[in-house]
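A.B. asks: My structure is below; once you've seen it, I'll send some questions.
The values are calculated or read from the model by the stated rules, or taken from the named source; none is laboratory data. In this text, all values refer to a predicted model and were calculated from it rather than measured experimentally. So basically every Cβ, Gly included, is an ideal-geometry build from the backbone, and we count neighbours across all protein chains shown.
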Amino acid sequence: MDIVLEKFKGTLLGGALGDAIGKSLEDVPFEEVISFYGGAVRGFVEPHPHSPSVGLEPEQTTDETTISILLAESIVEKKSIDPYHFFTKLKEWAGKEESHRYPDPTLITAIDLISSGVGLDDAGLLSSSVEGVLRCTITGLFHYYNPYLSAEAGRLVSLITHRSKEIYDASAIVSALISFLVLESFDLRNLKDRLTLIESLKAFVKYDKNRSYLDKVAEFLASGAEEEEAIREIGNSSFVFEALPLAIFLFLRYIEEPLEAFWKGVNACGMVGGDTDAIGYLLGSFVGAYGGLWVFPLELLENLENSQYYISLAEKLYQTTMEFLERRS
């Protein structure tokens, strides 16, 4: 078994699983989740009536997965990261409104502006939404062999549509973390290495304020905080430096049981609801990059929408990555 290939598959399908399951609970307070479903969710469920995903099937993903898939397809087609080609695919997708699954409004606005020849900086369009960095799991895979290169690639593909200091740093963190997990750069079974990983991620952060969010993760890991406290203190909204540090905390806090970390992510609703599909996407990607595809139950993998296509795409992305490395050597 090729472990790296299994991690590619795990990252793609894990992210899609987290999105598909988490979407059903988005913006729903945890008390309502318990009341409606009879407990924390542990599989595909009908979207809660108060979730924006009402109308989607339990096993369907949202456009948060779609954008990452478009990037992976672009890399496979062009044999490299080609921002212009990726944007062309985004533009084509944006024009097919009938296929949209409640996409990030900022993304649609950015695509429309750029397509009209208006720069995002000129338009004053800023965004710090976590949706802008989810695609960086793909750049983390393509440049898995070099966390620094993967971080720069993450910035490149995110800043096309989402501009802010937060996105600049968070895109690098997501890409570098995926790279570290595929490489198995740290022995995450012990707390010391988990904290060392956090320190290593801080090296990719330019702005001090954003570095402080990772300090909070390290503080909570060192104190053994539980998920309820983390959700309350870190936050679980769409702001990238709530959703991302919470996902990193849950992943590392429950690393000894990676699937449990995944379930805590998709159920990270808190008292007022949260961006559980994005948090679920990140947790699924981290868990898949860490443990490979078979960390996830077979039943979930078999019933996930487009699962066979995602496996095939992961295999093609892996092959493209290996060929790219050969050309560089």
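A.B. asks: Looking at (1) at pLDDT below 90; (2) among the acidic types (D, E); (3) within 28 Å of F180 (Cα to Cα), which one does D121 not meet, given that it meets all the others?
C.D. replies: The failed condition is (3).
A.B. asks: Now for a separate question. Pick out the one residue from A268, A278, A289 that is crowded, with 20+ Cβ neighbours inside 10 Å, in contact with a Phe, Trp or Tyr (Cβ under 9 Å, 6 or more places away or on another chain), among the hydrophobic types (A, V, I, L, M, F, W, C) and assigned to a helix (DSSP H, G or I).
C.D. replies: Answer to the check: A289.
A.B. asks: Another one. Being assigned to a helix (DSSP H, G or I), crowded, with 20+ Cβ neighbours inside 10 Å and of a type outside the set (A, V, I, L, M) is the filter here; which residues of the stretch 292-315 pass it?
C.D. replies: Scanning the stretch 292-315 gives a single hit, Y310.
The rows are residues; the columns are (1) more than 23 Å from L221 (Cβ to Cβ); (2) under 12 Å from the mean Cα position of the chain (by Cα).
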| position | (1), (2) |
| --- | --- |
| I255 | no, no |
| W263 | no, no |
| C269 | no, no |
| V272 | yes, no |
| T276 | no, yes |
| G280 | no, yes |
| G284 | no, yes |
| N306 | yes, no |
| S312 | yes, no |
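A.B. asks: Out of L244, L214, L259, report the one residue that is under 29 Å from P297 (Cα atoms) and in contact with a Leu (Cβ under 7 Å, 6 or more places away or on another chain).
C.D. replies: After applying the criteria, what remains is L244.
A.B. asks: Among residues belonging to the stretch 1-60 that are in a loop (DSSP other than H, G, I, E, B) and among the hydrophobic types (A, V, I, L, M, F, W, C), point out the one that is farthest from K264 (Cα to Cα).
C.D. replies: In this case the residue turns out to be M1.
A.B. asks: Sticking with this structure for a sec: Which one of the conditions (1) in a helix (DSSP H, G or I); (2) among the hydrophobic types (A, V, I, L, M, F, W, C); (3) within 30 Å of T88 (Cβ to Cβ) does L197 fail to meet, given that it meets all the rest?
C.D. replies: The one condition L197 does not meet is (3).
A.B. asks: Which helices (runs of 4 or more DSSP H) sit wholly inside the stretch 98-166 and have at least 1 residues that are over 15 Å from the mean Cα position of the chain (by Cα) and closer than 25 Å to T276 by Cβ?
C.D. replies: 105-115
A.B. asks: Determine whether the stretch 247-255 contains at least one residue that is more than 22 Å from S185 (Cβ to Cβ) and not acidic (D, E).
C.D. replies: There is no residue in the stretch 247-255 that is more than 22 Å from S185 (Cβ to Cβ) and not acidic (D, E).
A.B. asks: Answer yes or no as to whether L134 is within 21 Å of G235 (Cα to Cα), touching a helix residue (DSSP H, G or I) at 6+ places or on another chain (Cβ under 7 Å), surrounded by fewer than 21 Cβ atoms within 10 Å (Cβ to Cβ) and modelled with pLDDT of 95 or more.
C.D. replies: no
A.B. asks: Quick one: in the stretch 226-238, which of the residues that are surrounded by 15 or more Cβ atoms within 10 Å (Cβ to Cβ) and at pLDDT 95 or above is nearest to R189 (Cα to Cα)?
C.D. replies: In this case the residue turns out to be A230.
A.B. asks: I'm told V205 meets every condition in (1) closer than 23 Å to E92 by Cβ; (2) among the β-branched types (V, I, T); (3) assigned to a loop (DSSP other than H, G, I, E, B) except one. Can you identify the failing condition by its number?
C.D. replies: (1)
A.B. asks: Of all residues being among the polar types (S, T, N, Q) and closer than 22 Å to I3 by Cα in the stretch 137-161, which is surrounded by the fewest Cβ atoms within 10 Å (Cβ to Cβ)? Just the residue, please.
C.D. replies: Selected residue: N146.
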